Number of protein chains: 2
Amino acid sequence: MYRPEIKVIDCTIRDGGLINEHLFEDKFVRAVFQAASLSGVDYVELGYKASKTAFSPEKYGKTKFSDEDFLKEMVEGIKPRAKLATMVDIGRVELDTIKPKKESVVDMMRVACYVKDIDKAIEHVNHLAAKGYETTVNIMAISTAMIPDLEEGLAQLAESRVNAVYVVDSYGALFSEQIHFLVNLYKKYLHPKGKEVGIHCHNNQQLGFANTIEAIRKGANYLDATIFGIGRGPGNCPLELLLAFLKNPKFKLEPVLEIIEKDFLPMRETMEWGYIIPYMVTGILNQHPRAAIALRAGKDKDKYAQFYRSLVSDSEIS
Amino acid sequence: MYRPEIKVIDCTIRDGGLINEHLFEDKFVRAVFQAASLSGVDYVELGYKASKTAFSPEKYGKTKFSDEDFLKEMVEGIKPRAKLATMVDIGRVELDTIKPKKESVVDMMRVACYVKDIDKAIEHVNHLAAKGYETTVNIMAISTAMIPDLEEGLAQLAESRVNAVYVVDSYGALFSEQIHFLVNLYKKYLHPKGKEVGIHCHNNQQLGFANTIEAIRKGANYLDATIFGIGRGPGNCPLELLLAFLKNPKFKLEPVLEIIEKDFLPMRETMEWGYIIPYMVTGILNQHPRAAIALRAGKDKDKYAQFYRSLVSDSEIS
């Protein structure tokens, strides 16, 4: 028995773009949109709506900015067509430049924030909902949130126009019992107001798929995943595993397997993601992956024991 | 709060040897034994006790046969020293050639079998226990077991001399709720007789570590893992993740990280294991990996969609 309320969101291009400054070829972006649409995914997130004053279009690719004309080109003529989502980061978006939904191909806007910025996220969400968009709030680094602060934020979000609020395990640090606790906590505030809970997991400890399942078991209905698990560092919950797990017959595995063999295998020769020990180390220590990112860019990229010692001794503070 | 009853068994050499016909260099076998011992692992499984009439020593490496003299060399002088385990396969071992424990460096003999062979496994276990060894029975392919047959076998095992009986997810097909069910079922029969439950997971669906944790939560106390997850195809629960998860301060992560960077990174250039789509496909279909093994040896090794279609259509039987 499947839950028809479940929505799968493919974040391949948005989250994968963190590896390569969003410098994907247009052809690849369209191929991902098409494969995900064919596989029955409900939403495909194609990038960020970043401010061009904050970020240089010289340095970053098109999916960093996700201009309306570009998005239109990416989805034009593709049938069946998943809904289209983009992400906005608090403080890195110019809301006034976002057109009303009726002039846009975008269906859903996802607002990423930390617990401390939930107030701002709600302003963004209400602004975007007034323009006609579906919205989510994705609360990042949830494994470091103070629970009373989180509860206050969830209570406010329950009164906002948001459609779904995400548990985002940015550090890939959570275990099943913590996922159960968080999803139950979100539900307590959000379900009475008709809002859904979402889950977005990173794979530092090879728990991205497992934790997504645990969130489903507790009632999360918005599920993020990426093709072949692509994403910065360890990557994300692999879409192909998630679709095989879900029982709804609308989901098809073959389009995802096809694009993996055709496009993702060659891509993995030049882009790094997956089970990589320095990211496993930041995951077990519940830390931002920045130290691992820095290590992997340098000559000591495979000095695992030394890296572990340095982070453990750094964390001995008072 | 940790459970002092928990035992960790490193299967790096035994399970990893399935990739390369057990052709590891002696130096590497010793290095693994030393690293695992230093990390606080309770047992290290160094290979099979296979019959030399059934298998040719020309073709297979020393850890296929695990002669007493060879094992002695592998562990000599290593301090601290983990207990030493070897595996015997029903019908592929000559029990009479196995010396009494007091003349051997081996501490534990693990008997691998299918549900249908539990009777024979019990004969092996009682023979080996009479010679002075600790014993386990590892019931393979548990995801295809008929539950009444399994219950009958567990009831008999409860009356045998075995120390622990394993849930072995050979196909990497199980999800958390099934792990909970199986561990509870094993416990029901085994705990009243003072026997422990073990868990051995394969990583086809990236659930090897997650399912090991779920087994721990339900009371499994014998935990199998391999360094860097090495093992045929998708491999196993990674030892480094398991040790980081366990709270017992006797476990140390650094010796494992050191051997990964020194020996496992170069080894992975020539040996394949990890998240590989054909093994993911056999996992989601709850099948023996033999089709994936065959595919990976041929020219169509990356024809994922075609492979999936062929297995799905093969499975349409009546």
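Calculated [222 nm] ellipticity per residue, helices only, for chain A: -11000 deg cm²/dmol; basis is -39500 (n - 2.57) per DSSP H run with n ≥ 4, divided by all residues, nearest 500. The packing ranking, built from the mean of other Cβ atoms within 10 Å per residue, places the peptides A:278-285, B:205-212 in the order B:205-212, A:278-285, highest first. Coupling constants for the range A:120-127 follow from the phi torsions by the Karplus curve (6.51 cos²θ - 1.76 cosθ + 1.60, θ = phi - 60°), and in residue order they are 5, 4, 5, 4, 4, 4, 5, 4 Hz; glycine and proline get x. At a threshold of 8 angstrom on Cα-Cα distance, excluding pairs fewer than six apart, so keeping six or more, what relative contact order does the range A:7-268 reach in percent? The normalised contact order for the range A:7-268 reaches 19 percent. Working ranking of peptides B:217-227, B:60-70, B:289-299 by packing, defined as the average number of other Cβ atoms within 10 Å per residue, highest first, is B:217-227, B:60-70, B:289-299. Couplings for the range A:272-288, taken from phi via the Karplus curve 6.51 cos²θ - 1.76 cosθ + 1.60 with θ = phi - 60°, read 9, 7, x, 7, 10, 4, x, 6, 4, 5, 5, x, 5, 8, 6, 10, 4 Hz in order; Gly and Pro are left as x. The simple spin-label model puts a point 7 Å past each Cα toward its Cβ; for A:GLU68 and A:ASN248 those points are separated by 2.9 nm.
Shortest first, A:PHE181 label-point distances to identical copies amount to 2.9 nm, with the label point at 7 Å from Cα along Cα→Cβ. Other residues with beta-carbon under 14 Å from the beta-carbon of B:PHE209 carry, at +1 per Lys or Arg and -1 per Asp or Glu, a net charge of -4.
Between the beta carbons of A:LYS188 and B:PHE55, assuming R0 = 51 Å, the FRET efficiency works out to 0.30 to the nearest 0.05. Distant-in-sequence amide contacts of A:ASN138, defined by a placed amide H-H separation under 5 Å and a gap of 5 or more residues or a different chain, comprise A:VAL111, A:ALA112, A:CYS113, A:TYR166.
Loop-resident trypsin sites (Lys or Arg not before Pro) (DSSP state other than H, G, I, E or B) in the range A:1-51 with no more than 10 further Cβ atoms inside 10 Å of their Cβ are absent.
In nanometres and ascending order, the distances from the B:ASP67 label point to those of the other copies are 7.4 (point 7 Å from Cα along Cα→Cβ).
Karplus-based coupling profile of the range B:208-216, in residue order and whole Hz: x, 5, 4, 5, 5, 4, 5, 5, 4, with θ = phi - 60° in 6.51 cos²θ - 1.76 cosθ + 1.60 and x standing for Gly or Pro.
Among rounded, prolate and oblate, which fits the range B:166-254 when a ≥ b ≥ c are the square roots of the eigenvalues of its C-alpha gyration tensor, a/c under 1.5 means rounded, and a/b larger than b/c means prolate? Oblate, because a/c is 1.5 or more while a/b does not exceed b/c.
In terms of surrounding Cβ atoms within a 10 Å radius of their Cβ, A:CYS237, B:CYS113 rank from fewest to most as B:CYS113, A:CYS237. With a cut-off of 15 Å between beta carbons, the residues surrounding B:PRO4 carry a summed charge of +1, where Lys and Arg count +1 and Asp and Glu -1. Please give me the summed charge of the neighbours of B:GLY40: other residues whose Cβ is under 9 Å from its Cβ, Lys and Arg +1, Asp and Glu -1. Its environment carries a net charge of +1.
How big is the equivalent ellipsoid of chain B along its three axes, where each semi-axis is √(5λ) from the Cα gyration tensor, reported in whole Å from largest to smallest? Don't jump to the answer; show the numbers that get you there.
Details: eigenvalues 144, 118, 86 Å².
Each semi-axis is √(5λ); the values are 27, 24, 21 Å.
Taking the label point 7 Å along Cα→Cβ, B:ARG268 and its counterparts in the other copies are spaced 1.1 nm apart, in ascending order. The residue in chain A that lies nearest, by its beta carbon, to the axis linking chain A with chain B is given here with the distance in whole angstrom as A:ALA210, 2. The fewest-to-most ranking of A:ILE90, A:ILE98 by surrounding Cβ atoms within 10 Å reads A:ILE90, A:ILE98.
In this simple spin-label approximation, A:PHE28 and B:GLN156 carry label points 7 Å from Cα along the Cα→Cβ vector, and these lie 5.6 nm apart. Residue by residue along A:204-212, Cβ atoms of other protein chains within 10 Å of the local Cβ number 5 on average.
With a 10 Å cut-off around each Cβ of A:253-263, the average count of Cβ atoms from other chains is 5. Here the dipole of chain A is about 380 debye; that uses its Cα centre as origin and unit charges on the Cβ of Lys and Arg (positive) and Asp and Glu (negative).
Peptide A:185-198: average number of partner chain Cβ atoms within 10 Å per residue?
On the way: counts 0, 0, 0, 0, 0, 0, 0, 0, 0, 0, 0, 0, 0, 0.
Average per residue, whole number: 0.
Around the amide H of B:THR226, modelled in the peptide plane, lie the amide H atoms of B:CYS11, B:CYS237, B:LEU239, all under 5 Å away and 5 or more residues distant in sequence or on another chain.
Take A:GLU73, A:GLU196, A:GLU159 and order them by how many other Cβ atoms sit within 10 Å, fewest up front.
Values: A:GLU73 15, A:GLU196 21, A:GLU159 11.
Ranking A:GLU73, A:GLU196, A:GLU159 by Cβ neighbours within 10 Å, fewest first, gives A:GLU159, A:GLU73, A:GLU196.
Each value in this text was obtained by applying a stated rule to the coordinates, not by laboratory testing. Only a predicted model underlies this, so the values are computations on that prediction, with no experimental measurement involved. Using ideal geometry, Cβ is built from the backbone for each residue, glycine included, and neighbour counts are taken over all protein chains shown.
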